[in-house]
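One structure is given here, and the rest of the page talks about it.
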């Protein structure tokens, strides 16, 4: 009866009376044919587009309408340096997909190598961002100095927080793999972490272009 | 639970077991749930990374262009290259190209909603004027 009630409620169908027996049912069956976790991650990423869109729009809105004192973009930006950190983040997307390809092959040694490489590249990017923030602060730009300072630190800081969360996530997967708790059957865990990581990368592609590369008004 | 509900539930159960809903969760061998086609090979991933690096270098080079080149042209070129990079990562590294379309629909919905919403906001404040 319990089995039938579960099915009627739309939950996982079972084939035997013992719901906990190994292989008794598919624990991931859904009405959409895709797993809830992966679908939830995509919906989260879609909603995050609106979140980042708000910060990017705020930056664009106040671009060239600087209110307040302090240095401006032209005084501060070091394009070669930021290009190098952007390149590092882009390469971390490559190591991330290589980690996924490795776990799909069941090559756990390479999974750990690529996960660690991705986390290290992400940490290098964050290190670059911390260096950049420190330099800007030394030059006199703080979050409350001007509209440019507020919108710049908010947008890039919010992105940096995403990268930091991603690094923690990757390191936890690396730790699980090191203890043998990330079998090939859990490849989707790596894929979902990868989706988040690539999203952080694509958002930076937009931020890098709009903030750093697009010519400033009056330049 | 009524007798009729029980019977319907049992029919549903049999249908699910036989994959009759068309939403069978079991992917083909070697595929993850939600995949339609196999992911690209590691070699292809590296080739994509090289393409991304070349486009990024081109972007930075364009941002250094000087002379009589109008800003509008530079901005257009930069935005085209950024969109190319964005879509390349989303399609191949995030596997939108090989996964079921439901993921693409949700993601595109988020992007389109964001673009429409913030274009209206920025236009209201005459940012594009």
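Keeping to the stretch A:59-89, report how many residues are assigned to a helix (DSSP H, G or I), under 26 Å from residue B:115 (Cα atoms) and at pLDDT below 95.
5
Out of all the residues in the stretch A:12-19, is one or more at pLDDT below 90, closer than 29 Å to residue A:169 by Cβ, surrounded by fewer than 16 Cβ atoms within 10 Å (Cβ to Cβ) and more than 9 Å from every other protein chain (Cβ to nearest Cβ)?
No, every residue in the stretch A:12-19 fails to be at pLDDT below 90, closer than 29 Å to residue A:169 by Cβ, surrounded by fewer than 16 Cβ atoms within 10 Å (Cβ to Cβ) and more than 9 Å from every other protein chain (Cβ to nearest Cβ).
What number goes with the only condition from (1) within 30 Å of residue A:110 (Cα to Cα); (2) over 18 Å from the mean Cα position of the chain (by Cα); (3) modelled with pLDDT under 95 that residue B:97 does not pass?
Residue B:97 satisfies all of (1) within 30 Å of residue A:110 (Cα to Cα); (2) over 18 Å from the mean Cα position of the chain (by Cα); (3) modelled with pLDDT under 95 except (2).
Looking at residue A:185 and the list (1) closer than 18 Å to residue A:99 by Cα; (2) within 13 Å of chain B (Cβ to nearest Cβ); (3) within 18 Å of the chain's Cα centre (by Cα), which single condition is not satisfied?
The number of the failed condition is (3).
When the residues of the stretch B:67-114 are filtered to those that are assigned to a loop (DSSP other than H, G, I, E, B) and over 27 Å from residue A:88 (Cα atoms), which remaining residue is nearest to the other protein chains (Cβ to nearest Cβ)?
B:100
Assuming residue A:171 fulfils every condition listed in (1) surrounded by fewer than 18 Cβ atoms within 10 Å (Cβ to Cβ); (2) outside any helix (DSSP H, G or I) apart from one, which condition is it?
So residue A:171 meets the others, but not (2).
Quick one: is residue A:113 part of a helix (DSSP H, G or I) and more than 16 Å from the chain's Cα centre (by Cα)?
Spelling it out, residue A:113 is indeed part of a helix (DSSP H, G or I) and more than 16 Å from the chain's Cα centre (by Cα).
So in the stretch A:89-100, with the set limited to residues that are without any contact (Cβ under 8 Å) to a residue 40 or more places away in the chain and buried (at least 20 other Cβ atoms within 10 Å of the Cβ), which one is nearest to the other protein chains (Cβ to nearest Cβ)?
The selected residue is A:94.
Name the single residue that is surrounded by the fewest Cβ atoms within 10 Å (Cβ to Cβ) among those in the stretch A:134-143 being in contact (Cβ under 8 Å) with a residue 24 or more places away in the chain and assigned to a helix (DSSP H, G or I).
A:135
Go through the stretch A:52-81 and give me each residue that's in contact (Cβ under 8 Å) with a residue 40 or more places away in the chain and under 14 Å from residue A:156 (Cα atoms).
Matches in the stretch A:52-81: A:52, A:55, A:56, A:58, A:59, A:60, A:73, A:77.
The values are calculated or read from the model by the stated rules, or taken from the named source; none is laboratory data. Owing to the predicted nature of the structure, the values given are computational and were not obtained by experimental measurement. Virtual Cβ from ideal backbone geometry, glycine too; neighbours counted across all protein chains shown.
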